[in-house]
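**Q** The structure follows.
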Amino acid sequence: MFQHFNKGKLLAVIVPAHHDKHLPMKKNDLKRHLKDYSIFGKRSSTISHAFASALSIADDYDVDKIDKAITILGQNPDGDLSCAYCDNSAETWDHVKAVVSKTAFSGYGHQINNLLPCCKSCNSAKGNKEWTVYLKLKGFDTQERISRIENYINHNYVDTKNLLETDEFKEDLKVFNDIKEQVFELFKLGDQQAKNIRNKIRQATHNP
């Protein structure tokens, strides 16, 4: 129940009871839990993400480079940092561009110009949205803010994705992707062996 004042009178607003309760659970809900586990089915996307992430390079902790980048944002590198999106106190670092896109390496990594000081609220709300789209959605898209973030991103930018697509890395990437496929094949073998063991357990316990 919520309460509010109206012209000096206290009014009670009754909220229907179903707003405060979960929907009742039926026995058929149990079906979703009565399923055999699949290593490949449950973890293949996680492994793809891990392999893609492994290609991202990380910058060294270079104080001079970091100080210059933060200054480009219009902030004091020796002071408390503010969220680059909303100006509240920064609490974390946002990857401006996600490291992984559609299970593949995006070309952006753990680099200074891809990590913006950010509050947790903006970090969560932005998710994988383009930073310009997020600013517009929140009404934070002033030209000054956009210019600062663009300059920050472009400072010391390295086009890793296009570099990886050159002939120099062709063989290395083939070996890398072959290793990933071998991991997947081992997952599938593990699934088959687990199935054999489950079947023996069912036979031993007469649980078809």
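**Q** How about the stretch 19-31: which of its residues are under 31 Å from the mean Cα position of the chain (by Cα) and at pLDDT 90 or above?
**A** Asp29, Leu30, Lys31
**Q** While we're on this one: For the stretch 50-61, what are the residues that are surrounded by fewer than 15 Cβ atoms within 10 Å (Cβ to Cβ) and under 14 Å from Val183 (Cβ atoms)?
**A** Ala50, Ala54 - these are the residues of the stretch 50-61 that are surrounded by fewer than 15 Cβ atoms within 10 Å (Cβ to Cβ) and under 14 Å from Val183 (Cβ atoms).
**Q** For the stretch 108-133, give me each residue that is out of contact with any Ser or Thr (no Cβ under 8 Å at 6 or more places or on another chain), farther than 18 Å from Ser89 by Cβ, surrounded by fewer than 20 Cβ atoms within 10 Å (Cβ to Cβ) and not polar (S, T, N, Q).
**A** Gly127, Lys129, Glu130, Val133
**Q** Here's something else I'd like to know. Restricting attention to the stretch 62-87, and to residues there that are surrounded by 18 or more Cβ atoms within 10 Å (Cβ to Cβ) and small (Gly, Ala, Ser), which single residue is farthest from Cys118 (Cα to Cα)?
**A** Ala69
**Q** Kindly indicate which of Lys188, Lys200 is assigned to a helix (DSSP H, G or I), without any contact (Cβ under 8 Å) to a residue 12 or more places away in the chain and over 18 Å from Asn113 (Cβ atoms). Explain how you work it out, then say what you get.
**A** Values: Lys188 fails: without any contact (Cβ under 8 Å) to a residue 12 or more places away in the chain.
Going through Lys188, Lys200 in turn, just one is assigned to a helix (DSSP H, G or I), without any contact (Cβ under 8 Å) to a residue 12 or more places away in the chain and over 18 Å from Asn113 (Cβ atoms): Lys200.
**Q** Filter the stretch 139-197 down to the residues that are hydroxyl-bearing (Ser, Thr, Tyr) and surrounded by 11 or more Cβ atoms within 10 Å (Cβ to Cβ), then identify the one that is farthest from Cys83 (Cα to Cα).
**A** Ranking the candidates gives Thr160 first.
**Q** Still on this structure, I have one more. Determine which member of the set Lys42, Lys68 is more than 26 Å from Lys161 (Cα to Cα), part of a helix (DSSP H, G or I) and more than 17 Å from the chain's Cα centre (by Cα).
**A** Working: Lys68 fails: more than 26 Å from Lys161 (Cα to Cα).
Among Lys42, Lys68, only Lys42 is more than 26 Å from Lys161 (Cα to Cα), part of a helix (DSSP H, G or I) and more than 17 Å from the chain's Cα centre (by Cα).
**Q** Still on this structure: Taking the condition of being modelled with pLDDT of 95 or more and not in a helix (DSSP H, G or I), how many residues in the stretch 116-138 meet it?
**A** The total comes to 4.
The values are calculated or read from the model by the stated rules, or taken from the named source; none is laboratory data. The structure presented is a predicted model; accordingly, all values stated were derived computationally and were not measured. When we count neighbours, we look across all protein chains shown, and the Cβ atoms used for this are built from the backbone with ideal geometry, even at glycine.
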